[in-house]
Amino acid sequence: MDTARPFGRALCAMITPFTSAGGLDLDRAGELAVRLVAEGCDGLVLNGTTGESPTTTDAEKTALVRAVRAAVGPGPHVVAGVGTADTRHTVALARAAEEAGADGLLVVTPYYSRPPRQAVEAHFLKAADATGLPVMVYDIPGRTGTRVAPESLRRLAAHPRIVAVKDCAYDLLGSARLIAETPLAYYSGCEELNLPLYAVGGAGYVSTVANVAPRRLRAVLDAFDAGDTATAARLHARLLPLTEAMMAAGLPGTVTVKALLGGVPREPLLPADRETADGLRALLEALLREDQAESVVSVRPKIAACSRTSSIGSSI
């Protein structure tokens, strides 16, 4: 395992496809996973919030990991989201994910109950001790109500299997300090910070927008790694209108991705309305036209028509 980038650079927080009847669609999940890997994703994060983990069963979560692992083969990283508000449940999901073929775990801070710092640390340590898989700590206080304190991350970094952080804390200064002071690999969980965090030593990103624009997100990192920071900044800026519409306009990323790729979320989430879906498609089409004009990306994905009853069929 590359300790600097234990899960690669470019990871997609993959949506979970459902059938028109609302069941898990493993065939479509496999097709989507294969396409994402072919278009530049080093790994896939399954059963996260984007994957609608609050409304999928434990059996569905395990089945999804097994199906995606079989579809993409042994090369790409398959990271399973196993975080819950219940430590025992998290441990059970971690063990099931390992058995199903995951090669990494994403563990979110326990939510709603807002446990104190020592309890948060104990939660992550028990999850890390449950399997032999590397763990990515998910720090997203805006959703969980609890920040993973910097001193906690320093202590957790001493555990041999706690190797990374998915960073949604919106504290670039704090993240930069922890990157410098610990061996933890920092992955941006907020697309607008993908390049800024990478520039101060981050390992890459875990992106919802990568479901619809995987090549374009990766191109930012490729340009930066090639030393062309001006191009990296320009490509990053080009993605911002789509990022803002998908991630900061009031709808969950799951909903906006499915508005572009087809399919419906499970309740309580509802599909995007027609006006929102049309606006998202217009932004993605504009991005594709700019790419074609500059020959930045050579393959144009197809966008499925959005409907309230479609599944992820002829997506991308």
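The values are calculated or read from the model by the stated rules, or taken from the named source; none is laboratory data. It should be emphasised that the depicted structure is a prediction, and the values quoted were computed from it without experimental measurement. Here the Cβ positions follow ideal geometry from the backbone for every residue, glycine too, while neighbour counts run over all protein chains shown.
Of the residues that make up region 202-221, is at least one over 25 Å from residue 1 (Cα atoms), assigned to a loop (DSSP other than H, G, I, E, B) and at pLDDT 95 or above? Yes, there is a match, as at least one residue in region 202-221 is over 25 Å from residue 1 (Cα atoms), assigned to a loop (DSSP other than H, G, I, E, B) and at pLDDT 95 or above. Taking the listed residues 2, 27, the one that is more than 18 Å from the chain's Cα centre (by Cα), assigned to a loop (DSSP other than H, G, I, E, B), acidic (Asp, Glu) and over 16 Å from residue 255 (Cα atoms) is 2, with no other qualifying. Residues that are part of a helix (DSSP H, G or I) and free of Cβ contacts under 8 Å to residues at least 24 places away in the same chain were ranked within region 49-70; the one that is farthest from the chain's Cα centre (by Cα) is 59. Filtered by the rule that a residue be aliphatic (A, V, I, L, M) and under 11 Å from residue 24 (Cβ atoms), region 42-70 gives 59, 63, 64, 67. Residue pairs whose Cβ atoms lie under 8 Å apart, sitting 6 or more positions apart in sequence or on different chains, and linking a residue in region 71-83 that is within 18 Å of residue 28 (Cβ to Cβ) to a partner that is charged (D, E, K, R) and surrounded by fewer than 23 Cβ atoms within 10 Å (Cβ to Cβ), are 71/31; 76/42; 78/69; 78/103. For region 176-189, a tally of residues being assigned to a helix (DSSP H, G or I) and in contact with a Leu (Cβ under 6 Å, 6 or more places away or on another chain) returns 1.
A search for C-beta distances below 8 Å between a residue of region 141-165 that is touching a residue at least 24 places away in the same chain (Cβ under 8 Å) and any residue that is basic (Lys, Arg) and in a helix (DSSP H, G or I), counting only pairs 6+ apart in sequence or on different chains, returns 149/117; 150/177; 151/117; 152/117. No other residue among 189, 202, 101, 132 is within 21 Å of the chain's Cα centre (by Cα) and surrounded by fewer than 19 Cβ atoms within 10 Å (Cβ to Cβ) apart from 101. Taking first residues from region 209-221 that are closer than 15 Å to residue 189 by Cα and partners that are acidic (Asp, Glu), the Cβ contacts under 7 Å between residues at least 6 apart in sequence or on separate chains come to 209/191; 214/39.
When residue 112 is tested against (1) at positive phi; (2) under 19 Å from the mean Cα position of the chain (by Cα), just one condition goes unmet, and that condition is (2). Restricting attention to region 130-175, the residues that are closer than 22 Å to residue 79 by Cβ and part of a helix (DSSP H, G or I) total 9.
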